[in-house]
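Worksheet: the structure to be examined is printed underneath.
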Amino acid sequence: MKTKEHWENVFATKTEAEVSWFQPYPKTSVEFFELFNLPSNANIIDVGAGDSHLVDVLLEKGYKNIYVLDISANAIEKAKKRVGEKASLVNWIVSDIVDFVPPVKFDFWHDRAAFHFLTDTEKVNKYVSIAENAINTNGYLVLGTFSENGPKKCSGLEIQQYNETSMSSQFERMFNRIKCVTEDHQTPFNTIQNFLFCSFQRK
């Protein structure tokens with residue numbers, strides 16, 4: 001099954017509580033976001049968002065230029081339905097991140113658990129290049145992936161684990177690392193997945 005078909009099937013057949021990555025409130029992502037005191041007109045993108053609740057938090061905070069990207073149209077539709085009338089305030093994008101042509105320059109780029117699905121060098125390099133070109137000078141990048149103590153697969157797919165050094169080395173050409181933290185994510189099935197989150201600033 002191709003990647004897009006895989007994710008369309010996941011979001012068509014499973015509820016939030018039936019996927020391991022679900023968070024009712026994306027605490028770590030929000031804590032990183034709040035570090036940077038971005039103005040309400042900042043351009044913000046959540047990459048590989050699925051039906052993440054980060055967009056709900058950004059809308060509640062009054063942000064006006066929010067972009068939500070996912071490879072799955074089903075995931076985007078679920079998120080639209082959840083936020084209701086406010087869906088019209090969000091720029092929804094159905095795209096594989098490695099095919100993404102950014103319509104604007106972003107001040108904040110967030111990705112929890114999309115980057116680690118890129119397991120071949122060509123796609124990793126493409127992602128990095130897109131992020132380098134899409135993020136404004138002094139803009140921020142926050143990435144969450146499985147750590148070296150996390151799972152080796154997710155949703156039946158192989159992933160790439162990262163540590164601070166290996167993640168930073170992917171982005172060091174055009175970004176300065178700010179800080180990294182690890183997080184134990186409790187899944188809806190009461191298992192624990194260890195994540196690594198790192199934040200960077202565009203040079």
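Observations on the structure shown:
- Considering the range 87-132, and only residues there that are of a type in the set (Gly, Ala, Ser) and under 26 Å from Phe22 (Cβ atoms), the residue that is surrounded by the most Cβ atoms within 10 Å (Cβ to Cβ) turns out to be Ala131.
- Only residues that are without any contact (Cβ under 8 Å) to a residue 40 or more places away in the chain and not β-branched (Val, Ile, Thr) were counted in the range 176-203, giving 7.
- Residues in the range 18-39 that are touching a residue at least 60 places away in the same chain (Cβ under 8 Å) and among the acidic types (Asp, Glu): Glu18 alone.
- Filtering Glu172, Glu164 for residues that are of a type in the set (Asp, Glu) and closer than 14 Å to Glu148 by Cα leaves a single hit, Glu164.
- Extreme residue, nearest to Phe117 (Cα to Cα), among residues of the range 183-200 that are surrounded by fewer than 18 Cβ atoms within 10 Å (Cβ to Cβ) and out of contact with any Phe, Trp or Tyr (no Cβ under 6 Å at 6 or more places or on another chain): Asn194
- Candidate set from the range 1-40 (those that are outside any loop (DSSP other than H, G, I, E, B) and among the aliphatic types (A, V, I, L, M)); member that is surrounded by the most Cβ atoms within 10 Å (Cβ to Cβ): Val10
- Residue among Thr187, Thr191, Thr145 that alone is in contact with a helix residue (DSSP H, G or I) (Cβ under 6 Å, 6 or more places away or on another chain), of a type outside the set (D, E, K, R) and within 26 Å of Ala12 (Cα to Cα): Thr145
- Where a residue in the range 121-141 is under 13 Å from Phe108 (Cβ atoms) and without any contact (Cβ under 8 Å) to a residue 60 or more places away in the chain and its partner, wherever it lies, is surrounded by 15 or more Cβ atoms within 10 Å (Cβ to Cβ) and of a type in the set (Asp, Glu), with Cβ under 9 Å and at least six apart: Ala131/Asp111
Read-outs: derived from the displayed coordinates by stated rules, not from any lab. Fair warning: this is a prediction, and the values are worked out from it, not measured in the lab. Don't worry about glycine lacking a Cβ; one is built from the backbone with ideal geometry, like all the others, and counts go over all protein chains shown.
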